[in-house]
Each structure stands twice: as structure tokens, then as C-alpha cells.
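Working notes for the structure below.
The values are calculated or read from the model by the stated rules, or taken from the named source; none is laboratory data. It should be emphasised that the depicted structure is a prediction, and the values quoted were computed from it without experimental measurement. Backbone-built Cβ (ideal geometry, glycine too); neighbour counts: all protein chains shown.
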């Protein structure tokens, strides 16, 4: 449809305004991450939108206890929280994707587990805060508190609905002729699934896994409740970064925030095509 | 007796080999769905029973007895009667509702407006689209920290306002009870408008173009086309998008807690923040279990009702 020139001008103006609102908070954090301590909380006329003296000191600080600029030293660097976030998110994704993919295939092809679609949506409906008391007690009993594997287990369950629904719609969409041909050739159904279906679904599997990983990586509340010291994740660690001497460690926190924010943004852009499907439990495809 | 058992067993075996063995698929399907079923059971059945049990006691992790011995602290449903009279709980619930009633419609309208701008092709569409989606991919806790920095009294928001007004503005956003709630809602709208935009745009693209052209030829203006063709076609998608945001917004915690910690005082204490504080600071877990169960029950009733309504509306062809 042809649009008029005034409309085009209005469109670009509106989009540019939306872009500014979108980007300013992100850019402020990026800029803060490279600011030396003197510029962290400068206000009024001294407030700088871009670091006057860009520095990597904030990153050195979170990775190496201390820098010359700061009198405080960290008793534990960001290395282990990053490791904790990575391990729990990766293995949580492995759990959710294995159980979810298998169940999705079972339902899509053999009609097993008819209760699962609804049960899993219900799981997503409830606020995690409302089921955390039993989980905290169970995790303490199983010695899973404050471990990355304990986090991975709960992440695997919490994101199972997304893994299941995404894979179910992918399997439903997949043409069955090839599977049927293989069955006629005498392949067992399990072999068809592992040797033919799964390799064919490599791209959808990768997208679903990235989607689930982003969700796991983004968690704050569960890690806040289930980890205390040894295996805190990046967001929990970041929130704990403030000291009585310097107050909020703005720059150091911004550096960590940047480290936490970059992977999901890149992955999210990579799987843009499937975001709608993932977020709407497959109700909608793009 | 044993002979009888044997024959019954034999019958059963027979039945199994007859009905199931040829259907290799059903057995494989059962095995494939088993891990997911176990995980669902592991996180629902047992925890719910435990929650129900603890919710009728005064048990807390500091009470010195294991949770299984919580019956020693039975308090004859006092938790539930306390809950009815707990003003902090009700005001947290009210605040959660206010946040939802402001944020979800705002996100919807902004998202819809953006989606209509993106409905047809124009130079730069793809790059604008990718950038506008970024906020929803930022870790919510990090987004909370971003807005914590932005709303400092000497921070960039006041700086922009100062430049607009011409005099220095030093609003203490996060320590004023009313402004703190607004700041928290702004952060939520910033982060989740892209989700509305994404879903609504996917729906908008699905509206058949020939119908739009026909309507144009018949003399319908843009607004008429929008209300008579686009909106009815998008009804289901709009319901889905709203439902997702309502559900997620009800759980609001990460951004809010990092920005204000529920404060100043209890000015931004939503239901999740309230439960979190009772769990970790007051440590009265018996009471928390009662609150949590009450919420779960109400949510389940709402969900069942909503699904029945949706099923009914689906029977009527759109």
C-alpha cells in the first residue's frame, strides 16, 4: 500500500523517539561501565553522558579484587558467579530440553501424556514465590541448597513448559512422510526418533535451547532464595556489591550488568524468528 | 488362592501382549513422556501437600523441629484467619493490581502503536525492529539496576528534566512513595512493551491484504479499516498477548526489588516482594505457606474460569 510523505515523516519520527527511549537506559549502563570512580555519581553540571576518561578499571575490579582507584577490595571476584550462572543455565537448559523434547515427541506422535500441555501451562501460571517454601525445604533436604546443580534442577523444571511447547509445535509442523518411509523400511520407532527426526530438527532444537537458556540465565528470584554464598549467580552477586565505605559501586555493578546482559541480547537477536512462537507457547507463529 | 492369582496374572499378561505389543508406539510414547511427568509430579504433588501441611502450623526453619514434625505446632487455621486481617497483605495485593492495571494497558497501547508503524515495509525496518526488541532480552535484574541508576536524584532522568525545564531538577524518585511506584512501572513498561510489539506485529502481518485493499476501494478510511478488519482478525492474538502480560506482571519482582526493595517503607511492596520479605526476614514459613496456597487457589479458579471462557468463545466461529 502506498503511504503519503507526511506519514513517512511521522513514522520515522515516532520510531526514532521509541529508539531513543529504548537505548538511553542501555547506553547509560554501558557508559557507566567504562567510567572512572570520580565520574560514577557526578551530578548537576558534572554529570557526564559519556566517560571523559574511559577506563577498564571497573572490569579489572570485578575480576581481580581491587584496583588502584578503589580503596575497597572484594572478598570474592565475579569469576565464580559467572561460572555459576553459566553452569546452572546450561544444565538447566539440558534438563528442560531433554525432558521437553522427548515428551513433546511422545505427545505429538503417539498421543501420550495428554495431561502435560495443561499441567505445564499451570506450572508457568503460578508465581515462583508461591511455591518456593516447599522447594527450599526439599532442596535443603536433598543437599541442593547453594549449589549450581541444585539451581540447574529447578531451572530445568521451571523452563520445561517452554521447551515442551516449543518442541511440540515444531514436531506438529514437521512433515511425517520421511518418518513413515523409515518405518516401512523396518526402522524401530525409537530409531526413527533418534536417527531421523532429531537430526532433521537440529535448527529448531538449537533455537528452542537458546530460548530456554535465555530464560534460565535471566533468573534472579530463584537464585536469590536458593544460593547464599558459594554459588551465587551474577544478578545475586551484583546486587550484593555495595560497601559501607563507598556506597553503591556503580561502575563495578554496571560492568557486571553489561557482562550479564550481552549473551541473551545476542542470542535473542539470533533466534528472533522463533521468539513469538516461544513466548506464546506455540499459539502463534511468525 | 495362588492358582487364582496366577490365572488373573496370566490373563493380564495375555491382554498386555495382545493389546500393547503390536502398538510399539504407545509404549515408546509413555517412556518418552515419563521424565516430564516425573518432573511435573516432583514439583507439584509433593510440594503442594507439604505446603498444605505447613500452612496449618506455626512452623519456621528456626523452630528447631523438622518440617515433618510441624504438627506439634498446629495452630488450628490461625494462619488463614490472620491472612484475612493482614492489612499489609491486602495492600500489597492492591498495589500489584494497580501496577498491572497501569502497566499492561500502557504496554499494549504502545506495542500496538509501534506494530502498526511496522506493518508494511520501509527502509531500515529490520534494524529498527531488532533494536526495539532489545529491552525484553535484558536480564530483568540488570534492567532493574539500569533504572536504579537512571532515577538517582543526581542521575540522568533528572538531568534531562533539568535541561527541559531550564532549572536544576532534583527529584528523589526512589525515596518518594508515590514517585517510586511510578518509576517501577516505567521500568516495567520499558522492558515489556517490546513483547507486546513483537506479538501484535506477528498478528498484524497475518491480516489479509486483499481485504484491506477492498475496504479502501469501498472508501473506508484508515481508522475504519483498523476497527472493522484488523481488530476483529487480531482478537485471539490480543487476548493471548494480554494474558501473557497479566500473568507475568502479577509475578513482578526482579526489577522492582532491585530498584526499591519494596520501599520506601512498603510503598512499592507487591505480592511477590511481600512474600519474599516474610520468607527471608520474618521467617514465619507456616504463614508464608498459607499466603502462597491462598494465592495458588485463587489463581487456579481464575485460570479454570478463563480457559472455559476461551473454549466457549472458540466454539463460535470468528
*Any hit, the stretch A:172-188, residues being closer than 23 Å to residue B:38 by Cβ and either touching a helix residue (DSSP H, G or I) at 6+ places or on another chain (Cβ under 6 Å) or free of Cβ contacts under 8 Å to residues at least 12 places away in the same chain (or both)*: no
*asked:* Only one of B:155, B:144 is closer than 24 Å to residue A:233 by Cα and more than 7 Å from chain A (Cβ to nearest Cβ). Can you tell me which?
replied: B:144
*What number goes with the only condition from (1) over 20 Å from the mean Cα position of the chain (by Cα); (2) surrounded by fewer than 18 Cβ atoms within 10 Å (Cβ to Cβ) that residue B:203 does not pass?*
(2)
*Would you mind finding the one in A:144, A:107, A:125 that is in contact with a helix residue (DSSP H, G or I) (Cβ under 7 Å, 6 or more places away or on another chain) and within 17 Å of residue A:92 (Cα to Cα)?*
A:144
*Out of all the residues in the stretch A:31-60, which are more than 7 Å from chain B (Cβ to nearest Cβ), closer than 25 Å to residue B:161 by Cβ, touching a helix residue (DSSP H, G or I) at 6+ places or on another chain (Cβ under 6 Å) and not in a loop (DSSP other than H, G, I, E, B)?*
A:33, A:40
*asked:* Looking only at the stretch B:121-152, filter to residues that are within 31 Å of the chain's Cα centre (by Cα) and in a loop (DSSP other than H, G, I, E, B); which one of those is farthest from residue A:266 (Cα to Cα)?
replied: B:152
*Within the group B:95, B:27, B:88, B:16, which residue is part of a helix (DSSP H, G or I), modelled with pLDDT of 85 or more and over 29 Å from the mean Cα position of the chain (by Cα)?*
B:27
*What tally of residues in the stretch B:267-290 results from selecting those that are within 8 Å of another protein chain (Cβ to nearest Cβ) and closer than 20 Å to residue B:94 by Cβ?*
5
*Are any of the residues in the stretch A:137-150 buried (at least 22 other Cβ atoms within 10 Å of the Cβ), within 24 Å of the chain's Cα centre (by Cα), in contact (Cβ under 8 Å) with a residue 12 or more places away in the chain and within 11 Å of another protein chain (Cβ to nearest Cβ)?*
no
*Residue ranges of helices (runs of 4 or more DSSP H) in the stretch A:118-216 with at least 3 members at pLDDT 90 or above and either out of contact with any strand residue (DSSP E or B) (no Cβ under 6 Å at 6 or more places or on another chain) or farther than 30 Å from residue A:232 by Cα (or both)*: A:132-141, A:148-158, A:160-173
*Hey, could you check the stretch A:92-104 for residues that are closer than 10 Å to residue A:164 by Cβ and within 8 Å of chain B (Cβ to nearest Cβ) and say which is surrounded by the fewest Cβ atoms within 10 Å (Cβ to Cβ)?*
A:102
*Would you check if residue B:81 is in a helix (DSSP H, G or I) and at pLDDT 90 or above?*
no
*Enumerate the helices (runs of 4 or more DSSP H) found wholly within the stretch B:173-266, keeping only those where 3 or more residues are within 22 Å of residue B:96 (Cβ to Cβ) and touching a helix residue (DSSP H, G or I) at 6+ places or on another chain (Cβ under 9 Å).*
B:177-205, B:235-250, B:254-260
*Would you check if residue B:246 is surrounded by fewer than 17 Cβ atoms within 10 Å (Cβ to Cβ) and under 23 Å from residue B:103 (Cα atoms)?*
yes
_When you check residue A:225 against the structure, is it in a helix (DSSP H, G or I) and closer than 30 Å to residue A:141 by Cβ, yes or no?_
yes
*What pairs come up if the first residue lies in the stretch A:122-135 and is facing chain B (nearest Cβ under 7 Å), the second is part of a loop (DSSP other than H, G, I, E, B), and their beta carbons are under 6 Å apart, counting only those six or more places apart or on different chains?*
A:127/B:251
*What number of residues within the stretch B:60-72 are in contact with a helix residue (DSSP H, G or I) (Cβ under 7 Å, 6 or more places away or on another chain) and under 30 Å from residue B:270 (Cβ atoms)?*
5
*Check on residue B:177, within 13 Å of chain A (Cβ to nearest Cβ) and under 22 Å from residue B:151 (Cβ atoms)*: no
*Based on what the data block shows, is residue B:242 modelled with pLDDT of 90 or more and at negative phi?*
yes
*Residue check: is residue B:264 more than 9 Å from chain A (Cβ to nearest Cβ), more than 17 Å from the chain's Cα centre (by Cα) and within 23 Å of residue B:115 (Cβ to Cβ)?*
no
_Which of the numbered conditions does residue A:112 fail, given that it passes all the others? Conditions: (1) touching a helix residue (DSSP H, G or I) at 6+ places or on another chain (Cβ under 7 Å); (2) free of Cβ contacts under 8 Å to residues at least 40 places away in the same chain; (3) assigned to a helix (DSSP H, G or I)._
(3)
*Check the stretch A:203-224 and report whether any residue there is free of Cβ contacts under 8 Å to residues at least 40 places away in the same chain and more than 17 Å from the chain's Cα centre (by Cα).*
yes
*Only one of these is free of Cβ contacts under 8 Å to residues at least 40 places away in the same chain, under 30 Å from residue B:161 (Cβ atoms) and either crowded, with 23+ Cβ neighbours inside 10 Å or more than 12 Å from chain A (Cβ to nearest Cβ) (or both): B:182, B:252. Name it.*
B:182
